[in-house]
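Beneath this line is the structure, given in structure tokens, with notes to follow.
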Amino acid sequence: MTSVVRPDAEGLRRAVEILRADSVVAFPTETVYGLGANAFSEKAVGEIYRLKQRPSWNPLIVHVADVAAARSLSDEWPDLADDLAARFWPGPLTLVVRRAARLPGIGAANDTVAVRVPAHPVALDLLRASGLPLAAPSANRSESISPTTAGHVLRSLPDVPLVLDGGVCSWGIESTVLDLTGDVPRLLRPGALGLRVLRDAIGTITLPDAETVDGAARPSPGMSRRHYAPRAEVILCKDVRDLDRSGLAEPIGVLAYEGSEGTEILSADPREYAADLYAALHRLDDAGVATILVQEPPQTEDWLAVRDRLSRAAA
């Protein structure tokens, strides 16, 4: 039976006790809720994969309390990592660097680690109280919608021992992942931190040139063909009003922009849209719709992360 507890002193004490016993705890970050385990414990990390039914080739992000802790997990910590950490940590940016030999491989066997410092007081309190680096993917079944509330976690992963309830996640979409192991930084996953903001800070960033085949080793999560998907079938369309709906499974839900006709109407601002995207998909799933028609986002860089999530949900 899962316990949902307040993130007060007693709740944190219970969470730390569970983590130190090589089990898992769900906790809020500013992006989505994570399913955390001691990154140094292969048994604990294995529990993440078991509960999520996550394929072994899909790696995890390690959350730490500060830059020093991140640096200690790396075999090579480039100067650019310090520059980015100073600008954007704590925050929704994950950096991929060379992995220290003392840290077990997280997921597919490779020599890198994805690491970040979350910007949520509960996450930071948990990291400091436990003294552990926490491997933590989103706290949901593999491929399904990421959770932005404790209730979402419970519905997706009812066997998690404990959930720290920190309310609604403010960003509502996963962190941006940047690979620093090459000569030029490479975007692996668009996310909450916009690409334009990163370019303004560090200059040139290489974009992915091809999809990563499922089953192949990869340095970052969020690169699978199908991901972030509700139970309902998702269909992207330029105009939800003109689409021929004959033959589509009913009932049908519609996710559209502010000012358009739809079952769920989100903001036309990409930041606000992203913050409520997963919650809207959860609401449509909970309403029992069989098909979700989604108005395609604009083809602009500001909408890159939203387009990424919706295209994978519709795959």
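Each reported figure results from applying straightforward, stated rules to the coordinates on display, with no laboratory input. Please read these numbers as outputs of a predicted model, since none were measured by experiment. Cβ sites come from the backbone with ideal geometry, for glycine too, and all protein chains shown count toward neighbours.
At 4 °C and a viscosity of 1.567 mPa s, what translational diffusion coefficient does Stokes-Einstein give for the chain, taking Rh as the Kirkwood radius over Cα pairs? Give it in µm²/s as a whole number.
On the way: Rh = 19.7 Å.
For these conditions, the coefficient is 66 µm²/s.
Compute the distance from the alpha-carbon center of region 249-299 to that of region 109-186, in whole Å.
So the separation of the two Cα centres works out to 24 Å.
Roughly how tilted is helix 79-88, in degrees to the nearest 10 and between 0 and 90, from the longest Cα axis of the chain?
The answer is roughly 60 degrees.
Against the globular-protein guess of 2.2 N^0.38 Å, express the Cα radius of gyration of region 233-313 as a ratio, rounded to two decimals.
On the way: Rg = 11.9 Å, N = 81, 2.2 N^0.38 = 11.7 Å.
The value comes to 1.02.
Please give the helix 304-313 orientation as an angle from the longest Cα principal axis of the chain, in degrees from 0 to 90, rounded to the nearest 10.
The helix 304-313 is inclined about 70 degrees to the chain.
Report the trypsin sites (Lys or Arg not before Pro) located in region 81-175 that are in a DSSP loop and have at most 10 other Cβ atoms inside 10 Å of their Cβ, or state none.
Details: sites: Arg87, Arg98, Arg99, Arg102, Arg116, Arg128, Arg141, Arg155; in loops: Arg102, Arg141.
Answer in residue order: Arg102.
Give, rounded to the nearest 20 debye, the magnitude of the charge dipole that the chain has about its Cα centre when Lys and Arg contribute +1 at Cβ and Asp and Glu contribute -1 at Cβ.
Values: 33 positive and 42 negative charges, 166 e Å.
Result for the chain is approximately 800 debye, rounded to the nearest 20.
Which shape class applies to region 4-59: rounded if a/c is under 1.5, otherwise prolate when a/b exceeds b/c and oblate if not, where a ≥ b ≥ c are the square roots of the Cα gyration tensor eigenvalues? List each step's numbers first, then the result.
Details: a/c = 2.55, a/b = 1.51, b/c = 1.69.
Because a/c hits 1.5 or more and a/b fails to exceed b/c, region 4-59 counts as oblate.
With point charges of +1 on the Cβ of Lys and Arg and -1 on the Cβ of Asp and Glu, referenced to the Cα centre of the chain, which listed residue (Ser41, Tyr228, Ala70) lies farthest in the positive direction of the dipole?
Ser41
Rounded, prolate or oblate for region 32-124? Axes are the square roots of the Cα gyration tensor eigenvalues, ordered a ≥ b ≥ c, and the cut-off for rounded is a/c under 1.5. Mind dumping the intermediate values first?
Details: a/c = 2.06, a/b = 1.33, b/c = 1.55.
Note, shape of region 32-124 comes out oblate.
Going from the alpha-carbon gyration tensor of region 103-147, what semi-axes, largest first and in whole Å, does one get by taking the root of 5 times each eigenvalue? Walk me through the numbers on the way to the answer.
On the way: eigenvalues 82, 63, 15 Å².
They are 20, 18, 9 Å, listed from largest to smallest.
Give, rounded to the nearest 20 debye, the magnitude of the charge dipole that region 233-313 has about its Cα centre when Lys and Arg contribute +1 at Cβ and Asp and Glu contribute -1 at Cβ. Working shown, then result.
Numbers: 8 positive and 17 negative charges, 35 e Å.
With only Lys, Arg, Asp and Glu charged at Cβ, the dipole is about 160 debye.
Nearest 10 degrees is fine. How inclined is helix 121-130 to the longest principal axis of the chain, computing both from alpha carbons?
30
Using just the helices of the chain, give the 222 nm mean residue ellipticity in deg cm²/dmol: DSSP H runs with n ≥ 4 each add -39,500 (n - 2.57), and the total is spread over all residues, rounded to 500. Walk me through the numbers on the way to the answer.
Working: 9 runs with 91 residues, N = 315.
My calculation for the chain gives -8500 deg cm²/dmol from helical runs alone.
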